1. Considering only residues of the range 132-142 that are farther than 15 Å from Y178 by Cα and aliphatic (A, V, I, L, M), which is surrounded by the fewest Cβ atoms within 10 Å (Cβ to Cβ)?
2. Test D172 against the stated conditions and say whether it is more than 26 Å from A93 (Cα to Cα), of a type outside the set (K, R) and under 20 Å from the mean Cα position of the chain (by Cα).
3. Do you know which of the residues in the range 147-168 that are farther than 26 Å from S272 by Cα and touching a Phe, Trp or Tyr at 6+ places or on another chain (Cβ under 7 Å) is surrounded by the fewest Cβ atoms within 10 Å (Cβ to Cβ)?
4. Of F160, F153, which residue is closer than 12 Å to M210 by Cβ and either of a type in the set (A, V, I, L, M, F, W, C) or not in a loop (DSSP other than H, G, I, E, B) (or both)?
5. In the range 306-362, what residues are hydroxyl-bearing (S, T, Y), under 30 Å from the mean Cα position of the chain (by Cα) and more than 30 Å from T262 (Cα to Cα)?
6. Out of curiosity, is L337 of a type in the set (A, V, I, L, M, F, W, C), at pLDDT 95 or above and out of contact with any Pro (no Cβ under 9 Å at 6 or more places or on another chain)?
7. Restricting attention to the range 157-216, and to residues there that are of a type outside the set (S, T, N, Q) and in contact with a helix residue (DSSP H, G or I) (Cβ under 7 Å, 6 or more places away or on another chain), which single residue is farthest from V138 (Cα to Cα)?
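The values are calculated or read from the model by the stated rules, or taken from the named source; none is laboratory data. Just so we're clear, the structure is a prediction, and the values are computed from it rather than from any experiment. Neighbour counts are summed over all protein chains in view; Cβ atoms, including those assigned to glycine, are modelled from backbone coordinates with ideal geometry.
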Amino acid sequence: TKIAANGWTTTTKPVLQAADINRDGTIDLWAVASNGNVTPHLFNGTALTAQSAQTLIAPSKSWPLAEGGTEGSRVASSVESSSGSPMTGGTGATWNSKDLFNPDVRLNGTGTGVLSTSSAISTSADFSASVWVKPDAVNGIVLSQDGNQSSGFIVYADSFTKQWYFCLSKADSSAWTYSCVHHPDPNFGLVQVGVWTHLTVTYKPSTRTMALYINGVEAGWGTHDAVAGFTGNLRVGDYMYNGNHETFFKGAVSNVQVWNKTLTPTQVALLSGTPGYVLFPSDNTNYPSGSSWSTARATMKFEQGLLTITKANGGTWTRGSTGYPNAVLTLQNDGNLGIYPQPAHQLGTALWSADVVEPGDAMLLQPDGNLMIYRPDGTAIWASGTYN
């Protein structure tokens, strides 16, 4: 099937990828042009229809860790994709070509199994960072950036709670003093040994908001007052405490990326590309009666004006009123979630609404069964409370 009648040039020639973009059971295509524009093409079984183009979120710096080398050989230098800044490793950081990313980098959990490069972010400005990890044990620092005595930020697997953590330092001192976030429920946000996991962290000083995302879904958020400094090396596999590097990570890592901006929950979800959640942008889409969505721990159905979430462990949550066959569910452009008896959102006719106004927000039906609405900076502003 022809995707485009023209435009196939040396500057716009796209890379094609396939997936079920709209989850209708048929494979769709999207074209990624060299200028960063992404155009989805939905397939209905007989023809492809181009959708509105979107622009990829280019990182400030990125280390795919994909050069490869002799199996088990040291990662002497992995070049950053835009500026060429090298990320180098010790003898315990080695190339591996027998796993998902083929290649990736194996870290052996000692002082020699660490990757490092020059300073990549400012901890007192907007930033985001992400990495793919496959831990061999529930322990170790995955990402950090050095100060003089301590690290400015750390992402790590906590051996006590068995959860992923994101922390920002309150002072560059010999004491352990950090603002930390993790999943508030001890049964979620857990480190999975031997499983590839996508971790993303964000910080926005103007709202003091810090957030941790696991596989594209926010796992924890909190507040932190910005602290300047911490302009030392970005490190993969340990952190600095009292002037020394320690708490080494053992496992595999791939595709380290940083941004000098705060990614939104929608951007993080799309960046992750991992299954398990359902994303609803605030774009005024009308979801008609009969719509349904599922994650590992919940099924959500919208039927004739009634929104129902059924939890995997039993129990239901409902909002709205039944008996309206033309009713629609929508996350509006102003950020409010509403149920209307008709596709036209007439003022004063809502059967129910979440009563939030936050343009640019996003809603996710999460793997834990919770339906959440997030501000662009990652702050949670509404929840169904159906996690289980």
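1. Filtering the range 132-142 for residues farther than 15 Å from Y178 by Cα gives 132-140, 142.
Filter once more, keeping what is aliphatic (A, V, I, L, M): 133, 137-138, 142.
Working: V133: 27, A137: 14, V138: 17, V142: 29.
Residue satisfying both the conditions and the ranking: A137.
2. Values: more than 26 Å from A93 (Cα to Cα): yes; of a type outside the set (K, R): yes; under 20 Å from the mean Cα position of the chain (by Cα): no.
Criteria not met by D172.
3. Pass one, the range 147-168, residues farther than 26 Å from S272 by Cα: 147-150, 160.
Imposing the further condition that a residue be touching a Phe, Trp or Tyr at 6+ places or on another chain (Cβ under 7 Å) reduces the set to 147, 150.
Values: G147: 21, S150: 25.
Taking the candidates together, the pick is G147.
4. F153
5. T308, T310, T316, T318
6. Numbers: of a type in the set (A, V, I, L, M, F, W, C): yes; at pLDDT 95 or above: yes; out of contact with any Pro (no Cβ under 9 Å at 6 or more places or on another chain): yes.
So L337 passes the test.
7. To start, the set of residues in the range 157-216 that are of a type outside the set (S, T, N, Q) comprises 157-158, 160, 162, 164-168, 170-172, 175-176, 178, 180-186, 188-191, 193-196, 198-199, 201, 203-205, 208, 210-214, 216.
Now narrow it down to the ones that are in contact with a helix residue (DSSP H, G or I) (Cβ under 7 Å, 6 or more places away or on another chain): 198, 213, 216.
On the way: H198: 15, Y213: 18, G216: 20 Å.
So, considering only residues that are of a type outside the set (S, T, N, Q) and in contact with a helix residue (DSSP H, G or I) (Cβ under 7 Å, 6 or more places away or on another chain), the one farthest from V138 (Cα to Cα) is G216.
Listed here are the residues, each with its yes/no results for (1) of a type in the set (A, V, I, L, M, F, W, C); (2) in a strand (DSSP E or B).
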| position | (1), (2) |
| --- | --- |
| G229 | no, no |
| R235 | no, yes |
| F248 | yes, no |
| V256 | yes, yes |
| L271 | yes, no |
| D283 | no, no |
| T299 | no, yes |
| Y324 | no, no |
